[in-house]
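S.K.: My questions all concern the structure below.
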Amino acid sequence: MEKIIVDGGIPLYGKVEISGMKNAAVAVVFASVLANDVCVIDNLPNISDVSDSLSILESIGAKIKVISKGAVEIDTRGVRDAEAPMELVRKMRASYYLAGALLGRFGSAKVGLPGGCDFGVRPIDLHVKAFEKLGATVTVGNGCIEAVANPEQGLRGKNIYFDCCSVGATINAILAAVLAEGSTIIENPAREPHVVDVANFLNACGADIRGAGTNIIKINGVEKLHGCEYSIIPDMIEAGTFMIAAAATGGKLYIDNIIPKHMEAVTEKLREMNITVEEYDEAVCVFCEDKMEAINVKTLPYPGFPTDMHPQMSVLLCLADGASTLSETIWSNRFRYVDELQRMGAKIKVEDKTAFFEGNTVFTPAVVKAVDLRAGAAMVIAALATKGRTEIEDIAYIERGYVDIVEKFRGVGGNIRKVYFPDTKQMNNAS
Ligand code: EPU
């Protein structure tokens, strides 16, 4: 067992390099199945969600070779239309991309239902709808999703309308459609930068996908794809996490290797709070020389304020001068971090889908948990902003999505370290 110990209250100063985006990387890794060739993927973040995705591919016949730090060669020529081990698939949400990729390449797929962070109900009805529209018969049951194309006709391009913006369903529809016969039009797709990154990767492999990042995506099916070299875009959520850490600790961080345009929603909200965000070509510099003002925030699909920045933003709203609100419109159960921040003295009340923050909080150190990935990041920020020693448990969640988070915060002056400790609960159970 590991935990993170933070002796906080020290303003963070310096430069942080942002890694490749988790949610683009995991999708591109699974999309490489469609290339049926050798792909070299660079700027892959060294996190457990990516290594688990690579292990899933290996388990069905892909050959993986690490070329250098962050660069991996994936040879998917030997991939079989086989079922990946459930214990791997259940570790992460993105394993559902295997369904779209296998269905697109082989005309059939059977994949265990994915795991991932617990935000309440995480339906897959839109994924099913997209596969069915393209001509597959889909069954969901016994912990699996099974999709089979008509053996004579295969998959055929169609119009797919989503009544709600889903990143996963949009990417799965693209994966299933790139090799289908004819044209597919996806209306009301998710417009997140990682959707665009997957489309760019597939286009580099010879696909014909237009309009990713807009309200309509058009995919002209092609006969086959080929390998390519591709570099994953920077992680906007990791960048946003460091932007908020700069403001929360009263420091100044230069956050490098990012696409500032992807940060617009976060940047605008920070500026509204009186926090300075200077934009450069591939970096932002964040600091706050005055009181942070209270604001109201609502999470929305891209280009709105990202739900994956919700818990981190809540830390700032606790520290702001006055009462703020944060409304969550994507995940019903995203407020589980509130109990943990309350242990540190936060004054937050949750009613329905909105958190009400009293503001002007002086956090006190405590022993807290990372209840999910972004909630864990929020606890790290709160701990760094708090005088005294805070201990964060269940940090495996954080390591699913943040590359070297402890080392990166140490690099800008944070007194933070990871320690191993015996799991007394398990020891007691075993005895
Ligand atoms: N939805 C449906 N039906 C579906 C699919 C989704 O109703 O078939 C609803 C969901 O209930 C939710 C909304 O659509 O209310 C958006 O869900 P989406 O499908 O976009 O989420 P996801 O693809 O499962 C990805 C990210 C999440 C991120 C969300 C929203 C990956 C691997 N995961 O999940 O990232 O919160 O999009 O932006 O890309 C994280 O990185 O910490 C994380 C949880």
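The values are calculated or read from the model by the stated rules, or taken from the named source; none is laboratory data. All figures in this text were calculated on a predicted structure; none of them were measured in a lab. Here Cβ is always computed from backbone atoms with ideal geometry, including for glycine, and neighbour counts include all displayed protein chains. Only protein heavy atoms, including side chains, enter the accessible area calculation; ligands, DNA and RNA are left aside. Shrake-Rupley method; radii C 1.70, N 1.55, O 1.52, S 1.80 Å.
S.K.: In Å², what does the accessible area per residue of segment 319-424 work out to with a 1.4 Å probe?
M.R.: Result: 42 Å² per residue.
S.K.: First check a/c for segment 283-347, with a ≥ b ≥ c the square roots of the eigenvalues of its C-alpha gyration tensor; if it is under 1.5, answer rounded, and if not, answer prolate when a/b is larger than b/c or oblate otherwise. Please list the in-between numbers first.
M.R.: Details: a/c = 1.78, a/b = 1.09, b/c = 1.63.
Oblate.
S.K.: Please give, to one decimal in nm, the separation of the simple spin-label points placed at N257 and D321, each 7 Å out from Cα toward the Cβ.
M.R.: 3.7 nm
S.K.: Per DSSP H run of n ≥ 4, the term is -39500 (n - 2.57); total these for the chain, divide by its residue number, and report the mean residue ellipticity at 222 nm rounded to 500 deg cm²/dmol.
M.R.: Here the helix-only value at 222 nm equals -9000 deg cm²/dmol.
S.K.: How much length, in nm to one decimal, is gained on full extension between N215 and C164, taken as 0.36 nm per residue of separation minus their Cα-Cα distance?
M.R.: Difference between extended and current length: 17.2 nm.
S.K.: So in segment 65-208, what percent of DSSP beta bridges are antiparallel if you round to the nearest 5?
M.R.: Rounded to the nearest five, the antiparallel share is 80 percent.
S.K.: Follow-up question, since we're still on this one. Between K224 and A71, how many nm apart are label points set 7 Å from Cα along the C-beta direction?
M.R.: 2.7 nm
S.K.: Follow-up question, since we're still on this one. What number, in percent, do you get for the relative contact order of the chain if the mean sequence gap of Cα pairs under 8 Å and at least 6 apart is divided by its residue count?
M.R.: Relative contact order, the chain: 21 percent.
S.K.: Okay, next question. Compare Y302, Y161, Y397 by solvent-accessible area with a 1.4 Å probe and give them largest first, with all protein chains kept in place.
M.R.: On the way: Y302 45, Y161 115, Y397 85 Å².
Result of the area sort, largest leading: Y161, Y397, Y302.
S.K.: Also: Set the Förster distance to 41 Å, then compute FRET efficiency between N274 and E181 from the Cβ-Cβ distance, nearest 0.05.
M.R.: After rounding, the FRET efficiency stands at 0.15.
S.K.: What whole-number value in Å² describes the accessible area per residue of segment 260-304 for a 1.4 Å probe?
M.R.: Result: 53 Å² per residue.
S.K.: Another question, if that's okay. Take the solvent-accessible surface of the protein heavy atoms, probe 1.4 Å, and return the percent of it on segment 292-431 that carbon and sulfur atoms account for.
M.R.: With neighbouring chains kept in place, the figure for segment 292-431 is 49 percent.
S.K.: Leaving out ligands, DNA and RNA but keeping every protein chain, what accessible area does E272 have, in Å² rounded to the nearest 10, with a 1.4 Å probe?
M.R.: Taking all protein chains as shown, E272 has close to 90 Å².
S.K.: What percent antiparallel are the DSSP beta bridges of the chain, to the nearest 5? List each step's numbers first, then the result.
M.R.: On the way: 56 of 76 bridges.
So the antiparallel bridges amount to about 75 percent of the total.
S.K.: Sort segment 115-247 into rounded, prolate or oblate with this rule: let a ≥ b ≥ c be the square roots of the eigenvalues of the Cα gyration tensor; rounded if a/c is under 1.5, and if a/c is not under 1.5, prolate when a/b is larger than b/c, oblate otherwise.
M.R.: Oblate shape, in that a/c is at least 1.5 and b/c is the bigger or equal ratio.
S.K.: So what does K291 come to for accessible area, using a 1.4 Å probe and Å² rounded to 10?
M.R.: Near enough 130 Å² of accessible area.
S.K.: Can you tell me the alpha carbon radius of gyration of segment 63-183 divided by the globular rule-of-thumb value 2.2 N^0.38 Å?
M.R.: Working: Rg = 14.8 Å, N = 121, 2.2 N^0.38 = 13.6 Å.
Here the answer is 1.09, to two decimals.
S.K.: According to the square roots a ≥ b ≥ c of the eigenvalues of the Cα gyration tensor, what is the shape class of segment 28-90, taking rounded for a/c under 1.5, prolate for a/b larger than b/c otherwise, and oblate for the remainder?
M.R.: Values: a/c = 2.14, a/b = 1.19, b/c = 1.80.
Oblate is the answer for segment 28-90, as a/c is 1.5 or above yet b/c matches or exceeds a/b.
S.K.: Between L300 and E152, take the C-beta separation as r, use R0 = 30 Å, and let me know the FRET efficiency to the nearest 0.05.
M.R.: Result of the calculation: an efficiency of 0.10.
S.K.: Filter the cross-link list K3/K110; K22/K218; K347/K369; K69/K298; K69/K218; K218/K353 down to pairs whose alpha-carbon distance in this structure exceeds 29 Å. Mind showing how you got there, number by number?
M.R.: Working: K3/K110 37 Å; K22/K218 25 Å; K347/K369 18 Å; K69/K298 37 Å; K69/K218 35 Å; K218/K353 35 Å.
Distance filter (> 29 Å) returns K3/K110; K69/K298; K69/K218; K218/K353.
S.K.: Another question, then. Taking a probe of 1.4 Å, how large is the accessible area per residue of segment 163-258, in Å²?
M.R.: Value returned for segment 163-258: 31 Å² of accessible area per residue.
S.K.: Here's something else I'd like to know. So for segment 330-431, averaging the separation of alpha carbon pairs under 8 Å that are six or more residues apart and normalising by length, what relative contact order in percent results? Write down the numbers at each step before the final one.
M.R.: On the way: 112 pairs, mean separation 19.9, N = 102.
It rounds to 20 percent for segment 330-431.
S.K.: To continue, here is another question. Of all the accessible heavy-atom surface of segment 10-114, with the other protein chains kept in place and a 1.4 Å probe, what percent is carbon and sulfur? Walk me through the intermediate numbers first.
M.R.: Numbers: 1840 of 3760 Å².
Here carbon and sulfur together make up 49 percent of the probe-accessible area.
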